[in-house]
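Participant: The structure follows.
Every number in this text was worked out from the coordinates using simple rules, so none of it is lab data. Just so you know, these numbers come straight off a predicted model, no measurement behind them. Counting neighbours? That spans all protein chains shown, and the Cβs are built from the backbone with ideal geometry, glycine included.
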Amino acid sequence: MGFMAILNGGPGDEAPDIVGARATRWLDEQTIQTDELAKFYQSRDYKIFPESVLRKQESLINSVVAYHSQEETVSLGKHLMVEVKGYAVPVGYDGPVESVEVSGAGVVTWVEADFVGRMTTFSWAIWMSRLRLERGKKGTNWSRATSAGENAQPRLSAWNGRGVGYNGYRDARYLTVSCV
């Protein structure tokens, strides 16, 4: 996924308590109803827990490294730093996203990312940062987020059958680091 600025149609606000599973769609119409949709994906596939567990409609806090992609060659810029960009999504009414941290050092050291644009309770938080990576090595960039309600993104997500609702640290792996 390439990084897309809000000015170019990137994500702005989202509806509370709706899991979009990172599938942005253009809508022709929107229906608001009191009952859950009975279609397969909504009633079975996007469930994080089995039917015996009370319904959980709030999304989990999540952040994603959107730029750079997996296995990409990245060029070190000024001061031997590489630019990293992405987005974070808050937990329903516990938003907005309060902080995003990124790491290029195997999740040992973290750097605070800067936010781009406005922050609201339910909106995506677009972020960017610079990381120091070692030239000639394979690298991985990681991100993690925390919301105003103190929901912190865990290193690993709770297991579920299909992996739907995964919210562990997100990464861009196998980056080849070169100089400009």
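Participant: When ASP94, ASP35, ASP114 are ordered from fewest to most other Cβ atoms inside 10 Å of their Cβ, what list results?
Facilitator: By the 10 Å Cβ count, ascending, the order reads ASP35, ASP114, ASP94.
Participant: Quote to one decimal, in nm, the extra length available between LYS138 and GLU83 on full extension: 0.36 nm per residue of separation minus the C-alpha distance between them.
Facilitator: Taking 0.36 nm per residue and subtracting the Cα distance, the gain is 18.2 nm.
Participant: Between ARG155 and GLU36, what is 0.36 nm times their sequence separation minus the Cα-Cα distance? Round to one decimal in nm.
Facilitator: Working: separation 119, 0.36 × 119 = 42.84 nm, distance 3.06 nm.
That pair, ARG155 and GLU36, stretches by 39.8 nm at full extension.
Participant: Going toward the positive end of the dipole of segment 62-179, with +1 on Lys and Arg Cβ and -1 on Asp and Glu Cβ, which of HIS79, GLY117, PRO90 do you reach last?
Facilitator: HIS79
Participant: Calculate the spin-label point distance for TYR93 paired with THR121, positioning each point 7 Å from the Cα along the beta-carbon direction, and give it in nanometres.
Facilitator: About 0.7 nm, to one decimal.
Participant: Now, a different point. Give a residue-ordered list of calculated ³J(HN,Hα) values for segment 140-149 (Karplus: 6.51 cos²θ - 1.76 cosθ + 1.60, θ = phi - 60°; whole Hz; x for Gly, Pro).
Facilitator: Karplus values, whole Hz, x for Gly and Pro: 9, 9, 10, 9, 8, 10, 9, 9, 4, x.
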